[in-house]
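Chemist: The structure under discussion is supplied below as structure tokens; questions concerning it will follow.
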Amino acid sequence: MKTVIIIPARFESVRFPGKPLVELDCGMGVKKSLIHLTWEAAKKVRYVDEIFVATDDWRISDAVNEFGGKTIMTSKSCKNGTERCAEAVEKISIKPDIVINFQGDAPLTPPWFVENLIENIALDSTADMATPVLRLDKETYQNFRIDRKKGLVGGTTVTFDSKGYALYFSKEMIPYFEMEKLNRSGLIPMFHHVGVYAYRPKVLQEYMVWSEGLLESLEGLEQIRFLENNRIIKCVEVDSKGRLFWELNNPQDVERIEKVLQ
């Protein structure tokens, strides 16, 4: 089963222009760009045949080529990472069975998150795609609350049914719950959606035909288009193994991520 990783990266981010090329302090006097760190994280994933960065900007392409990565130039008309992945797959010679969308702003993504996706989508023929979900620990829960109080749009949360199939994704904190009503285990009933996707190529092609739906436009979350068109997204619960996971969504996230890198 052939698997490729596509890392979508664009320069003109609304919330953080030039984000892929921002330099992060890794400690010991070492600095690397966000896209370089993400590439290195993707390289650690097993069972992958090829890795590409899909971009519409030559500055990003040049940076990737400089550290030895492979790039695919895509259209500036791509509205999100999924559209960019779909276009990139059409331009590569390899015909994959599974396409991984490895977010360009998530250098803290552990390799086993992606490996678990590959294993799960291979075993579940019902699922059109798969994505990792991470139960919030107290620290991450507080980070979500801090961001919301500041009016910052940070991570995404998700709810899913008894089979693990996604019900809804939101930039708000869902579901609502009261701390005092938690069961004795004290487990927080909220899951952080890790922005990595494993698609079957057919559903990627379909995505390009569908128009943007109301819920997708309101939330600004590309994966909702699949739900609005009755496609099944398998949510795969993963174990952080004690690592803090966070994406670089806003300039304020740089410090959080640098602490982990260091």
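Chemist: Report the residue count in the range 99-154 for those that are outside any helix (DSSP H, G or I), without any contact (Cβ under 8 Å) to a residue 60 or more places away in the chain and aromatic (Phe, Trp, Tyr).
Modeler: Total satisfying the criteria: 0.
Chemist: Same structure, new question: Could you check the range 144-183 and list, in sequence order, the residues that are within 18 Å of the chain's Cα centre (by Cα) and polar (S, T, N, Q)?
Modeler: Correct list: THR156, THR157, THR159, SER170.
Chemist: While we're on this one: Go over the candidates LYS79, LYS19 one by one and state the one that is out of contact with any His (no Cβ under 6 Å at 6 or more places or on another chain) and within 14 Å of LEU248 (Cβ to Cβ). Break it down stepwise before answering.
Modeler: On the way: LYS79 fails: within 14 Å of LEU248 (Cβ to Cβ).
Selected residue: LYS19, the only one of LYS79, LYS19 that is out of contact with any His (no Cβ under 6 Å at 6 or more places or on another chain) and within 14 Å of LEU248 (Cβ to Cβ).
Chemist: Go through (1) without any contact (Cβ under 8 Å) to a residue 40 or more places away in the chain; (2) touching a Pro at 6+ places or on another chain (Cβ under 6 Å); (3) of a type outside the set (D, E, K, R) one by one and return the number of the condition VAL194 breaks.
Modeler: Condition (1) is where VAL194 drops out.
Chemist: So CYS85 fits all but one of (1) in contact with a Leu (Cβ under 9 Å, 6 or more places away or on another chain); (2) modelled with pLDDT under 95; what number is the exception?
Modeler: (2)
Chemist: Can I ask one more? Being among the β-branched types (Val, Ile, Thr), within 25 Å of ILE224 (Cβ to Cβ) and buried (at least 21 other Cβ atoms within 10 Å of the Cβ), is that true of even one residue in the range 74-87? Let's see the steps before the verdict.
Modeler: Quick first cut of the range 74-87, residues among the β-branched types (Val, Ile, Thr) only: 74, 82.
Now narrow it down to the ones that are within 25 Å of ILE224 (Cβ to Cβ): 74, 82.
With buried (at least 21 other Cβ atoms within 10 Å of the Cβ) added as a condition, the list becomes 74, 82.
For the range 74-87, residues among the β-branched types (Val, Ile, Thr), within 25 Å of ILE224 (Cβ to Cβ) and buried (at least 21 other Cβ atoms within 10 Å of the Cβ): present.
Chemist: Can you find a residue in the range 30-41 that is under 16 Å from ILE60 (Cβ atoms), surrounded by fewer than 16 Cβ atoms within 10 Å (Cβ to Cβ) and within 16 Å of the chain's Cα centre (by Cα)?
Modeler: Within the range 30-41, the first condition is being under 16 Å from ILE60 (Cβ atoms), and the residues that meet it are 32-40.
Retained after the next criterion (residues that are surrounded by fewer than 16 Cβ atoms within 10 Å (Cβ to Cβ)): 40.
Then drop every residue that is not within 16 Å of the chain's Cα centre (by Cα), which leaves 40.
Within the range 30-41, one or more residues are under 16 Å from ILE60 (Cβ atoms), surrounded by fewer than 16 Cβ atoms within 10 Å (Cβ to Cβ) and within 16 Å of the chain's Cα centre (by Cα).
Chemist: While we're looking at this one, here's another question. Where residues in the range 144-161 are at pLDDT below 95 and in contact with a strand residue (DSSP E or B) (Cβ under 6 Å, 6 or more places away or on another chain), which of them is nearest to MET190 (Cα to Cα)?
Modeler: From the range 144-161, those at pLDDT below 95 are 144-156; that's our starting set.
After this cut, where a residue has to be in contact with a strand residue (DSSP E or B) (Cβ under 6 Å, 6 or more places away or on another chain) as well, the list is 155-156.
Numbers: GLY155: 12, THR156: 10 Å.
Top of the filtered list is THR156.
Chemist: Here's another thing I want to ask about it. For THR74, only one of the following conditions fails: (1) farther than 28 Å from GLU255 by Cα; (2) within 18 Å of the chain's Cα centre (by Cα); (3) polar (S, T, N, Q). What is its number?
Modeler: Condition not satisfied by THR74: (2).
Chemist: Something else: Could you list all residues from the range 1-32 that are at pLDDT 95 or above and polar (S, T, N, Q)?
Modeler: Selection gives THR3 alone.
The values are calculated or read from the model by the stated rules, or taken from the named source; none is laboratory data. Computed from a prediction, not measured in an experiment: that's the story for all the values here. Every residue, glycine as well, gets a Cβ built from its backbone with ideal geometry; the counts of neighbours run over all protein chains shown.
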